[in-house]
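J.: Submitted below is the structure of interest, expressed as structure tokens.
No value in this document is a laboratory result; all are computed from the given coordinates. This is a predicted model, so every value here is computed, not measured. All Cβ positions, glycine included, derive from the backbone under ideal geometry; neighbour counts span all protein chains shown.
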Amino acid sequence: MTAHLVLVGMMGVGKTTVGRIVAARLGQQLVDSDAVIQAATGRTVREIFEHDGEAAFRALERDALREALERKEPSVIVAAGGVVLDPDNRAALRESNARVVWLVGNVPTLVDRVGRADHRPLLDGDPAATLTRMADEREALYREVADAIVSVEHRSAAEVAVAVLR
Ligand code: S3P
């Protein structure tokens, strides 16, 4: 099986930005699970959540992760924040020989960075409260799949990318 590099972590931690830098350094393709879903369905993450519900989105997310992990060419895979919620996804990550890096940031850092992103309908209400709750609920799940943990605190995206590559 191919040794992909998978970035996991909370919304706003910088997975996509860091993933782009890492993919460019490695000369590999970047596969972003949200982007794969949007390309496959022709709809935005928000539209899928609003019309079909979160469960439908999570099913698409599961397929997108499977397809990404099955790619023949080693790739940099950006797994959206909620990928770890599904036990099957966690098993797929552990069982693949992909290297999984968990990007970690404090909640205030995440809140600063999320902005009003259209692909994050779950943050529509009170982003700080939601991110605090999610970080609590998900910490053990990210830890379960991570081969390495990289903090994004006090580091630029380029510095985080160097730490990931290390
Ligand atoms: C989600 C994260 C988002 C997106 C959706 C749900 C989550 O992706 O998939 O809004 O549950 O953490 P990013 O992690 O790329 O922001």
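J.: Using unit Cβ charges (K, R positive; D, E negative) and no other charged atoms, how large, in debye to the nearest 20, is the dipole of segment 48-134 about its Cα centre?
T.: Value, rounded to 20: 400 debye.
J.: For the chain, what does -39500 (n - 2.57) per DSSP helix run (n ≥ 4), summed and divided by total residues, give at 222 nm, in deg cm²/dmol to the nearest 500?
T.: The helix contribution divided over the chain gives -17000 deg cm²/dmol.
J.: Which distance in Å, rounded to a whole number, links the C-alpha centroids of segment 19-46 and segment 66-88?
T.: Using only Cα atoms to place each centre, the spacing works out to 11 Å.
J.: What distance in nm separates the simple spin-label points at Ser156 and Ala35, each placed 7 Å from Cα in the Cβ direction?
T.: Label at Ser156, label at Ala35, 2.2 nm between them.
J.: Right, next: Can you work out the Karplus-derived ³J(HN,Hα) for every residue in segment 121-126? Use 6.51 cos²θ - 1.76 cosθ + 1.60 with θ = phi - 60°, whole Hz, and x for glycine or proline.
T.: The phi angles translate into x, 5, 9, 4, x, 10 Hz.
J.: Another one. Could you sort 62-74, 80-92 so that the peptide with the highest average Cβ count within 10 Å comes first and the rest follow in order?
T.: Taking the mean over residues of other Cβ atoms within 10 Å, the ranking is 80-92, 62-74.
J.: A further question on this structure: Name the residues whose placed amide hydrogens come within less than 5 Å of the amide hydrogen of Val100, ignoring near sequence neighbours (fewer than 5 apart) on the same chain.
T.: Under 5 Å from the amide H of Val100: Val6, Asp147, Ala148.
J.: What does the extension gain come out to for Lys72 and Ile149, with contour length at 0.36 nm per residue minus their alpha carbon separation?
T.: 25.2 nm
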